[in-house]
1. Quick check on my filter: what residues within the stretch 144-177 are under 12 Å from Pro111 (Cβ atoms) and outside any helix (DSSP H, G or I)?
2. Looking at Met194, Met184, can you tell me which residue is under 13 Å from the mean Cα position of the chain (by Cα), of a type in the set (A, V, I, L, M) and in a strand (DSSP E or B)?
3. Any residue at all in the stretch 211-221 that is modelled with pLDDT of 95 or more, more than 22 Å from Ala26 (Cβ to Cβ) and touching a strand residue (DSSP E or B) at 6+ places or on another chain (Cβ under 7 Å)?
4. Could you tell me which residue of the stretch 126-179 is surrounded by the fewest Cβ atoms within 10 Å (Cβ to Cβ), considering only residues that are of a type in the set (Asp, Glu) and in contact (Cβ under 8 Å) with a residue 12 or more places away in the chain?
5. Just wondering, is there one or more residues in the stretch 130-143 that are under 25 Å from Arg173 (Cβ atoms) and part of a strand (DSSP E or B)?
6. Hey, which of the helices (runs of 4 or more DSSP H) in the stretch 20-114, taking only ones fully inside, have at least 2 residues that are within 28 Å of Pro177 (Cα to Cα), out of contact with any Leu (no Cβ under 8 Å at 6 or more places or on another chain) and at pLDDT 95 or above?
7. Restricted to the stretch 87-115, and to residues that are under 16 Å from the mean Cα position of the chain (by Cα) and among the aliphatic types (A, V, I, L, M), which residue is farthest from Arg146 (Cα to Cα)?
8. Could you tell me how many of the residues in the stretch 188-233 are touching a residue at least 40 places away in the same chain (Cβ under 8 Å) and small (Gly, Ala, Ser)?
Amino acid sequence: MTDSPAGDLKPSFRSDVTVELVKHSAADSDVLFAARVSTLGEQSLDELKKDPERSKGLINFLMRDRHGSPFEHNSMTFFISAPIFVFREFMRHRVGWSYNEESGRYSELQPVFYVPDESRKLVQEGRPGKYVFVEGTQAQQELVGRVMDDSYVRAYEAYQEMLAAGVAREVARSVLPVGLYSSMYATCNARSLMHFLGLRTQHELAKVPSFPQREIEMVGEKMEAEWAQLMPLTYAAFNTNGRVAP
């Protein structure tokens, strides 16, 4: 990955994504409070800590039998920087999510573009619904890098030319590709995140197979790592029960 100096508008290229947990109110105790109020009324945190094995068992029961609402009483906000095409997939997830994305109408978009590194499988084999991705050749890797670099440079030069001529940002941005990096805040709860992870990551414990595009899976893996630290009992139950959202 190479980055241009501050103030230099020459394109730079990345192959990674950024995911930062910027704020949260999320703990396993949130699930327990919500679940137990239906039978025990209001409780203190001390009461919830008295029998950790019982608490673990309750969370597993809720997950196994798909009692989903107790997993909604928490919140996580992530800052995400990724190619625009990742966000187009991301925003298919609407229930339990809130988004605010960087605007190309109100600010000049920076020339940071996605070019996959050598770990990205480039070749699709098989028919739709039953295909796999396999490693590309060195020649294919070099082709992808060269063509993407050239295309991005030309597109950003066209964008800059229109801005310099006084064309509105919301019009000039039309020439920019979906490989351009954007940024957003995404807020969710554990239940909506589990649904996202069930679709957007591959995992050996998943009961239902998923075939996500690698770039959105990269985002999902980073979000999952943050969530696993916040709600370890809920995370363990999610994996134990096949990574199916309740």
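The values are calculated or read from the model by the stated rules, or taken from the named source; none is laboratory data. This structure is a prediction, so every number in the text was calculated from the model and none was measured. Cβ atoms come from the backbone with ideal geometry, glycine included; neighbour counts cover every protein chain shown.
1. Leu176, Pro177 - these are the residues of the stretch 144-177 that are under 12 Å from Pro111 (Cβ atoms) and outside any helix (DSSP H, G or I).
2. Met184
3. The answer is yes, given that some residue of the stretch 211-221 is modelled with pLDDT of 95 or more, more than 22 Å from Ala26 (Cβ to Cβ) and touching a strand residue (DSSP E or B) at 6+ places or on another chain (Cβ under 7 Å).
4. Applying the filter and picking the extreme gives Glu170.
5. Within the stretch 130-143, none of the residues are under 25 Å from Arg173 (Cβ atoms) and part of a strand (DSSP E or B).
6. 84-90
7. Among them, the one singled out is Val95.
8. 3
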